[in-house]
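Let me begin by presenting the structure, written as C-alpha cells, before commenting on it.
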Amino acid sequence: MLLSDLIKINSDAGVKFEISGDYSNINIDGISSDSRMCQKNFLFAALPGGNADGRKFIESAIAKGAVAVLAPMGTEFTGDAMFIKTDEVRRALGFISAKFYSKQPENIIAVTGTNGKTSVAHFCRHIWSKLGKKSASIGTIGVIDEKEKLLPGSEGLTTPDPVRLHGFLSDLCNKGVTHLAMEASSHGLEQSRLAGVKIKAAGITNITRDHLDYHGTFEDYFTAKMRLFNDVLPKGGTAVLNADIKEFSDIFAICRTRSDNVITYGEKGGDIKLIQAKPSPSGIDIEIEVEGTIYKIKTALIGSFQSSNLLCAIGLVMAAGNEISEITEACDGIKAVTGRMEKVAEKNGVPIIVDYAHTPDALEKVLMALRPRTKANLVVVFGCGGDRDKGKRPIMGEIADRLADLVVVTDDNPRTENAETIRREIMSGCKNCEEIGDRARAIEYAIKNLKKGDLLVIAGKGHEDYQIIGDKKSHFSDAEEARKVVKLL
C-alpha cells in the first residue's frame, strides 16, 4: 500500500504531519512499533513509552528494512527513510493501521469501566451467538473468535496496540465475523489504541479507583475513560450508560452535548429498568422493564452486580440493531465468563469461587454479593499486584476485614516490588487476618479450614494462569490449585 494513501486517511481525520520529502511512490508492506519485527518496506512507529522509548530504536528499524518512520514532533534522527512527524503519533498510528488492514466487522461495540468490561463483552458475544450471528470479543482474556476459541498470541492486554488490534479486526472479518464486542481500557483510550475503529455503540459499567499509578488522579482517570465517548464513538452513535453510578449525570451531559443517542440502564434506568435481581439455586433471576413491557431472565450468574453487567450488554446489543424480546430470550441460562464469580470446586458441599476482583469496588461488590449465599463464614484469599497503585492496598484490606469472617492475605503478582511490603500495606487496613505469602499454601490453608455452611472466594487473579514474581512469569491458576487441594482432601 502506498504511504501517500496512509497519510491521506490521517489528514482526513484531522492529523497534521511534517514530512521529510516526497512520499508519493513509497510502498509500505507492513507496520510495526517493535523495531525487532521490522522487515523490508515496513513503516516503523517510534512511540515514546514508560518502559521503552521507540525513538531509541529508529536506526535499528531502518537497518532491518523500514522505509518510513512515524515519530513525535521534535524527534531528531537521520537515516535512509522517510521521516513523518506529528503531535498525535499514537492517533496517527491507529488510522494508519485501520487503512492498512482495511477490514473490520460491520457491527462493533466497545465497553469501558473499572469493573465488568470482560463480563459485558462476554455477554454480548453470547447473546449474538444465540441469535445466529458470527460474533467475537476482544479484551482481557484475549481475542475469542466465532468458534469461541482464543486466538494464539492475543492474551496480555485488555486493549491491544493499534497494529495488533487492526490486524485482529481484519482476521476476524475474513473469518466471517459480523458482530464484535471490545473492551476499552483507560490505558488504551489514553494512548489512542482505538483510533480508526468504527464502533456503533459505546457502553460504560462504572468508574471507581484504579490505575492511579498511571493516571495520577481520579480526574485524569475519568477523563481517559470519557475518550471512548468524546473521541472514539462517532457522532450519532449510541451511548449505553449506567444510570446508577454517581458519574451518570456528567457522562450523560457529555453524550447529549455531542447529540449521541443514549440508552440508560439500571435501577434508575429510563430505557432498561432493573425491577429485581433475585438469587436462585441456579444463579440470578432478573426482571427488567423496557418500554412498558416486563421481561424475565433466568441466568446461571452469581452475584447481583452481574445483573448490571448483563443490562449493559443488553443495551449494547439493542444499539447494534436487535429487538429486546429476542435479546432477553437469548439471555436465558447465560453463564459467567471464566474467572468472574466462577464456581471452580467445592469441599463437602462448600462452594469455592474464583473472581478477578482486584480493585476496592470489585472486592466489596463480590463479598457483598456472596454474603447472602453464606450460611456460616465467608472466607476470602487475596493480595495486591506489585508495581501498581499502592493506595488501594489498605482500602482493600479494610473492605476484606469488614465484610469477610476470615481473611487470608497472600501474594498476587508482586512483580518487582517486595512481596512482604505489599502484604504489610494491605494488612495496615486489615487487623484480623492470616498472612501466608505463598499463594498455593494460602489457598490450601483456606480450603482445609472450611466448615459446613462456609463459602470461599479466591480473589484478584481470576482467569490468569500465571504469577509474576520479580521478572519471572510462572504457571499458576487459582482454579487449578483449588481443585488440586480438594482432590487431595
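Nothing in this text is a laboratory measurement; each read-out follows from the coordinates by a stated rule. This one's a predicted model, so the numbers in the text were calculated from it and none came from an experiment. Glycine also receives a Cβ, built like all others from the backbone with ideal geometry; neighbour counts cover every protein chain displayed.
Here are some notes:
- Nonlocal amide H pairs with residue 434, under 5 Å, H built at 1.01 Å: 407, 408, 409
- Shape class of region 342-488 from the Cα gyration tensor (axes a ≥ b ≥ c, square roots of the eigenvalues): oblate, since a/c reaches 1.5 or more and a/b does not exceed b/c.
- Segments 285-294, 163-172 sorted - mean Cβ within 10 Å per residue, highest first: 163-172, 285-294
- Shown for the chain is the translational diffusion coefficient from the Stokes-Einstein equation, using the Kirkwood radius over Cα pairs, a temperature of 25 °C and a viscosity of 0.890 mPa s: 103 µm²/s.
- The distance from the alpha carbon centre of region 324-373 to that of region 194-270 is 25 Å, rounded to a whole number.
- Unit charges on C-beta of K, R, D, E only; dipole of the chain, Debye: 840
- Note: relative contact order over region 62-159, using C-alpha pairs below 8 Å and six or more positions apart, is 14 percent.
- Prolate/oblate/rounded call for region 3-100, Cα gyration tensor, a/c under 1.5 rounded: rounded
- Residue (of 17, 48, 264) at the positive-pole extreme of the chain, dipole from beta-carbon charges: 264
- Residue (of 308, 356, 255) at the positive-pole extreme of region 226-376, dipole from beta-carbon charges: 356
- Contact order normalised by residue count of the chain, Cα under 8 Å, 6+ apart, percent: 10
- Charged side chains reduced to their Cβ positions (Lys and Arg at +1, Asp and Glu at -1) give region 1-46 a dipole of some 100 debye around its Cα centre.
- Among 208, 330, 345 - extreme Cα towards positive end, dipole of the chain, charges at beta-carbon: 345
- For region 90-165, Kirkwood radius (reciprocal of mean inverse C-alpha pair distance, Å): 13.4
- Remark: region 342-488 carries a charge dipole of roughly 480 debye about the Cα centre, counting +1 on each Lys and Arg Cβ and -1 on each Asp and Glu Cβ.
- The alpha-carbon of residue 85 sits under 24 angstrom from the alpha-carbons of these lysines, leaving out residues fewer than 8 places away in its chain: 8, 16, 40, 56, 64, 99.
- Alpha-carbon centroid distance for the pair region 69-131 / region 408-457, whole angstrom: 38
- Sequence-ordered 3J(HN,Hα) estimates for region 180-193 from the Karplus curve with 6.51, -1.76 and 1.60 and θ = phi - 60° stand at 9, 10, 10, 8, 10, 7, 5, 5, x, 6, 4, 9, 6, 5 Hz, glycine and proline given as x.
- For residue 31, distant residues with modelled amide H under 5 Å away: 43
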